[in-house]
Amino acid sequence: MKFKIVTLGCKVNAYESEYMKECLLKSGFIYDDNYPDIVIINTCSVTNMADRKSRKIVHKEKREHPLACLVVAGCSSQNHSSDYEKMDIDILIGNKNKSKIVDLIKDYIDNHNKYTYFTSNRDLEFEDMKVEKFTTHTRAYIKIEDGCDNFCSYCIIPYVRGSVRSKDFQKVLEEARVLALNNHQEIVLTGIHTGRYQWMDKDLSDLIYELAKIPELKRIRLSSIEITELNDKFLELLKNEPKIANHLHIPLQSGSDTVLKMMNRKYNTAYFKEKIAKIRRICPDISITTDCIVGHPYETVECFKEYVDFCKEINFSKLHVFPYSKRDGTASSRMPQIDDDIKKERVKVLLELSKELEDTYASTFVGKKLLVLTEEIDGEYTTGLTSNYLKVYIKGKYTSNQMLLVEITEIKNDKIVGEVVLSQE
């Protein structure tokens, strides 16, 4: 039988979808986007827009493939279980039992009994999964952690992903070795709260230290890490381990202390600024990207001005900007809300600033040589990513998953253009 998977949201969802795909392929199923007998939708609930998109795709797939077995899983179904239960879905789960997807589908095929399962328990065990090779990316992801205990006032994710739990230390190393032997030169460590990784007496720094010993693995990247988790142990490793990507994605969420307090974030701007300065003393040209929420309750005109000024002062290399989304059940949903038009204007301001910051950062590398991991052909160019997460357009056509030494020659039409100096075998 043939199947397809539609994935929304974060790298954790991408990893879980890849795991489900690999399990189904190993069990004899065939992947087919056009004529599937089974449709799996891995949903997202990080914002209201993500919820709407998830529901829209469920309706679209039901309409386009009315005879297919419809499987819906993930954060949106977990968050709005009663709504999804009305949609005539064949297999409906939240964020638990994704590892059982093959058995669930086979049982439905044999017996045609619909299956629905949700749990409201936050205290869950880590649901172990293992991917041997990614078919959708040159880089491979490993989900090392799940859940969050921060309870930021605007965020629904702790309620739908459960409490913090981590993958067995040795199982992470084993999975990474297999991925590296299958020619994945870069591995991205991901989780809902990746920096909280803990297995017995081992933490994230211990894990990276051991991963770096894998000879076939050339680059280790973190999907995201909180500023409060960049302790001295991690910074010492960052200083001394060249396999760690020269890029950190550190969520800011607001540059106003007033708003950070209302968000229930665990730091203020002074702490954030001091820690960034410490990182840059270690890695002067590191790329530091961030997440920015705009229009959170109590974000006054003055607060937003502080926010913009702070982003300029920190000099991020890119801002990922999101308008605040009211999530029912969170503390922020009970606060006075800001008008949508104001949010739109403020999003525009930060996006324009992000463009300026991106251009400035990229321009500092013109004339320099960087290692680029190739990904795909784009016209007369080959695209790839540097350690510091710059997308480079390399003149000429090269196969994917090569590590090339590239000299950055120019920024042309908002593209970072380079020429190959040497192929790294």
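Let me spell it out: the conditions are (1) closer than 23 Å to Val347 by Cβ; (2) in contact with a strand residue (DSSP E or B) (Cβ under 9 Å, 6 or more places away or on another chain); (3) touching a residue at least 60 places away in the same chain (Cβ under 8 Å); (4) surrounded by fewer than 21 Cβ atoms within 10 Å (Cβ to Cβ), and Ile293 meets all of them except one. Which number is the exception?
(4)
Do the conditions hold for Phe316, that is, is it touching a helix residue (DSSP H, G or I) at 6+ places or on another chain (Cβ under 7 Å), under 15 Å from Ser287 (Cα atoms) and in the same structural domain as Gly255 (by TED's automatic domain parsing)?
yes
Search segment 84-96 for residues that are under 8 Å from Tyr115 (Cβ atoms) and among the acidic types (Asp, Glu) and pair each with any residue that is assigned to a loop (DSSP other than H, G, I, E, B) and at pLDDT 95 or above when their beta-carbon atoms are under 9 Å apart and the residues are at least 6 apart or on different chains.
Matching pairs, first to second residue: Asp90/Ala68.
Got a sec? Which of Glu216, Glu229 is among the acidic types (Asp, Glu), without any contact (Cβ under 8 Å) to a residue 60 or more places away in the chain and over 30 Å from Ser333 (Cα atoms)?
Only one candidate qualifies: Glu216.
Check Ile279, Ile286 and return the single one that is touching a residue at least 60 places away in the same chain (Cβ under 8 Å) and among the aliphatic types (A, V, I, L, M).
Details: Ile279 fails: touching a residue at least 60 places away in the same chain (Cβ under 8 Å).
Just one listed residue meets the conditions, Ile286.
Out of the residues in segment 346-387 that are under 30 Å from Asp309 (Cβ atoms) and among the acidic types (Asp, Glu), state the one that is surrounded by the most Cβ atoms within 10 Å (Cβ to Cβ).
Glu358
Considering each of Lys343, Lys305 in turn, give the residue that is basic (Lys, Arg) and surrounded by fewer than 19 Cβ atoms within 10 Å (Cβ to Cβ).
Matching residue, one of Lys343, Lys305: Lys305.
Those residues that are in a strand (DSSP E or B) and of a type in the set (D, E, K, R), I need them from segment 120-144; list them, please.
Across segment 120-144, the qualifying residue is only Lys143.
Testing Leu124 on (1) surrounded by fewer than 22 Cβ atoms within 10 Å (Cβ to Cβ); (2) modelled with pLDDT of 95 or more; (3) in contact with a strand residue (DSSP E or B) (Cβ under 9 Å, 6 or more places away or on another chain), one condition comes back false. Which one is that?
So the condition that Leu124 fails would be (2).
Here are Ser54, Ser27: which of them is crowded, with 19+ Cβ neighbours inside 10 Å, within 29 Å of Glu145 (Cα to Cα) and in contact with a helix residue (DSSP H, G or I) (Cβ under 6 Å, 6 or more places away or on another chain)?
Exactly one of Ser54, Ser27 is crowded, with 19+ Cβ neighbours inside 10 Å, within 29 Å of Glu145 (Cα to Cα) and in contact with a helix residue (DSSP H, G or I) (Cβ under 6 Å, 6 or more places away or on another chain), namely Ser54.
Filter segment 323-340 for residues that are loosely packed, with under 14 Cβ neighbours inside 10 Å and charged (D, E, K, R); which is nearest to Ala362 (Cα to Cα)? Before the answer, list the steps.
At the first step, the residues of segment 323-340 found to be loosely packed, with under 14 Cβ neighbours inside 10 Å are 328-329, 334, 336, 339-340.
Next, from what is left, pick out any that are charged (D, E, K, R): 328, 334, 339-340.
On the way: Asp328: 40, Arg334: 41, Asp339: 35, Asp340: 33 Å.
Applying the filter and picking the extreme gives Asp340.
May I ask you to list the residues in segment 239-273 that are in contact with a strand residue (DSSP E or B) (Cβ under 9 Å, 6 or more places away or on another chain), hydrophobic (A, V, I, L, M, F, W, C) and farther than 30 Å from Ala140 by Cβ?
Val259, Leu260, Met263, listed by residue number.
Failed condition for His320, given (1) under 21 Å from Thr47 (Cβ atoms); (2) exposed (fewer than 12 other Cβ atoms within 10 Å of the Cβ); (3) of a type outside the set (Lys, Arg), with all others met?
With (1) under 21 Å from Thr47 (Cβ atoms); (2) exposed (fewer than 12 other Cβ atoms within 10 Å of the Cβ); (3) of a type outside the set (Lys, Arg) applied to His320, the lone miss is (2).
Return the total of residues in segment 303-321 being in contact (Cβ under 8 Å) with a residue 40 or more places away in the chain and in a helix (DSSP H, G or I).
Total satisfying the criteria: 11.
Within segment 207-217, is even one residue aliphatic (A, V, I, L, M) and touching a Ser or Thr at 6+ places or on another chain (Cβ under 7 Å)?
Taking every residue of segment 207-217 in turn, none turns out to be aliphatic (A, V, I, L, M) and touching a Ser or Thr at 6+ places or on another chain (Cβ under 7 Å).
The values are calculated or read from the model by the stated rules, or taken from the named source; none is laboratory data. Bear in mind that the values here come from a model prediction, so they are computed numbers and not experimental data. Glycine gets a Cβ as well: all are built from the backbone with ideal geometry, and neighbour counts include every protein chain shown.
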